[in-house]
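One structure is given here, and the rest of the page talks about it.
The values are calculated or read from the model by the stated rules, or taken from the named source; none is laboratory data. Keep in mind it's a predicted model, so treat the numbers as computed, not measured. Positions of Cβ are backbone-derived with ideal geometry, glycine not excepted, and every protein chain shown enters the neighbour counts. Ligands, DNA and RNA are excluded from the accessible area calculation, which covers all protein heavy atoms including side chains. Shrake-Rupley method; radii C 1.70, N 1.55, O 1.52, S 1.80 Å.
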Amino acid sequence: MKNIIYPNYNCCILNTISTVMKYYGLPCEYTVLPELEAALAKKYKTIVLMVFDGMGIDALEKNLKPTDFLNQHIKSELTSVVPSTTTAAMTAYYAGKSPLEHGWLGWSLYFKEYGRYIDTFINTDSHTGEKLELPHAGHELMPYTHILDQIEQATHHQTKAYMIEPAYIDYKGKNQKIGVEDAKGLFEEVEKLCQTDEEKFVFAYWTDPDKTMHGTGCYSEETKQKLQEINDLLAVLSETMEDTLIIVSADHGLIDVENKTYLNEYPQLTDCFLMPPFIEGRLMSFFIREDLRDTFKQRFNELFSDDFILLTRQEALQKQLFGPGEPHKKTLDFIGDYIACATGRKLFDYMPLTKTKKFEFTATHAGLTREEMLVPLILVESK
């Protein structure tokens, strides 16, 4: 029996940010998390949300001891969104909307307005790697108001909001960003803010363990060290806190994968394509010739049914795979005739003639496995 976990949009990372939104008086269309709502009801001076990229439940179970600080403070398990990937999940945090609603479905999306496949976060051509000297496709066509700006507006600026994240990230919020170079710097900046007297909400995001796991795997010594560092820094921070609630979670987890399967090497499939597939290597959108849709489904399942579930567009929408709510018009552009969702360890890629560089991941995400889908809700409180 495959270990498949579908998103639970009543108990997922979107519900974390929705609970925070409700606390600050913002409209909240999603279920709140009772453990978090109870903690917020204590009215802390400082509320911190720390999101560590890729820090799923599996990573904590396999790389840390049960007695370590992070594991000792897990209050519940949440699902990620679908796709279980940074672009979709972090935008859910930032916008307070499901992927269906915000449109930022994955790393590479085809924008008909630009006639290109574009790496959504960094605005580069997905196939050639060219940095586009054009307006940012995602922010132009799928804009949203950042959660920190929403909080400041809702509280009439009585609550000050801060973003702490890697210095190189192009931040689109209007409030103050604090750029950092490493995890230690991230925790130092959180500690400084916790010591000020103002009412504040702090959103802190860091790229590990995801960045390390992509290259070295889910259970490497390097990954263990990154998680131990986060664990130890949080334990030290907890000793200095006063009148502070720290919420710790992730965007998704990761799974160790096989070398990439290049779909362009399967002419029995590419003969059916209207255009190259896209979104993510473990959740791909396929646009198929109308007269070959049944043929494609049969051929795909013969090849890959052990490692992928193939859903029609209608099935994906009926299952609310990408979330409930009103779909963004761009979302409907990106969902093809079929969606392939990874349930095993395979990873797809596609090499058009314009793409010449190949690279491999040791571990990655965006599928429906437990390793990718389950993340923790960790609460650290100090009055």
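Details
- Shape analysis of the range 308-383 places it in the oblate category; the axes a ≥ b ≥ c from the Cα gyration tensor give an a/c of at least 1.5, with a/b not above b/c.
- Those trypsin sites (Lys or Arg not before Pro) in the range 247-335 that DSSP places in a loop and that have at most 16 other beta carbons within 10 Å: Arg289, Lys319
- Cα long-axis angle, helix 221-240 against the chain (0 to 90 degrees, to the nearest 10): 30
- Placing unit charges on each Cβ (+1 for Lys and Arg, -1 for Asp and Glu) gives the chain a dipole about its Cα centre, and among Pro83, Cys218, Asn301 the Cα reaching farthest toward its positive end belongs to Asn301.
- Using 0.36 nm per residue and subtracting the Cα-Cα separation, the extra length available between Ala154 and Glu77 on full extension is 24.8 nm.
- Unit charges at the beta carbon, dipole of the range 183-331: most positive-side option, Leu311, Pro209, Gly253: Leu311
- Mean separation of Cα contacts under 8 Å, 6 or more apart, over the residue count of the chain: relative contact order %: 29
- C-alpha long axis of helix 183-194 to longest principal axis of the chain, angle in °: 40
- For the chain, the convex hull spanned by the alpha carbon atoms encloses 133 Å³ per residue.
- Of Ala89, Ala39, Ala250, the one that fluctuates the most in a GNM where the chain has Cα springs shorter than 10 Å: Ala39
- Shape call, the range 223-359: gyration tensor on alpha carbons, a/c limit 1.5: prolate
- Amide hydrogen neighbours beyond the local backbone of Met351, cut-off 5 Å, H modeled: Leu263, Asn264
- Distance from the range 227-270 to the range 307-353 (C-alpha centre basis), Å: 22
- Surface composition of the range 17-82: carbon plus sulfur atoms hold 53% of the accessible area, using a 1.4 angstrom probe and ignoring ligands, DNA and RNA.
- Normalised by 2.2 N^0.38 Å, with N the number of residues, the alpha-carbon radius of gyration of the range 252-308 equals 1.19.
- If you sort Leu317, Leu134 by accessible surface, 1.4 Å probe, largest first, the order is Leu134, Leu317.
- Of the peptides 142-154, 54-66, the order by per-residue mean of other Cβ atoms within 10 Å, starting with the highest, comes out as 54-66, 142-154.
- Taking the helices alone, the chain has a mean residue ellipticity at 222 nm of -9000 deg cm²/dmol, built from -39,500 (n - 2.57) per DSSP H run of at least 4 residues and averaged over all its residues.
- Using a probe of 1.4 Å on the protein chains alone, the accessible area found for Glu191 is around 60 Å².
- The charge dipole of the range 111-256, taken about its Cα centre with unit charges on the Cβ of Lys, Arg, Asp and Glu (plus for the first two, minus for the last two), comes to roughly 440 debye.
- For the range 170-217 and the range 1-79, distance of Cα centres in Å: 17
- Sparse-neighbourhood loop sites, chymotrypsin sites (Phe, Trp or Tyr not before Pro) in the range 279-383 - DSSP loop, at most 13 other Cβ within 10 angstrom: Phe359
- Long-range tail of P(r) for the range 204-295 (Cα pairs > 14 Å, %): 76
- Computed from Cα positions, the angle between helix 13-23 and the longest principal axis of the chain comes to roughly 40 degrees.
- Reachable lysines, given that their alpha-carbon falls under 25 Å from the alpha-carbon of Lys65 and they are not under 8 places away in the same chain: Lys75, Lys184, Lys211, Lys224, Lys226
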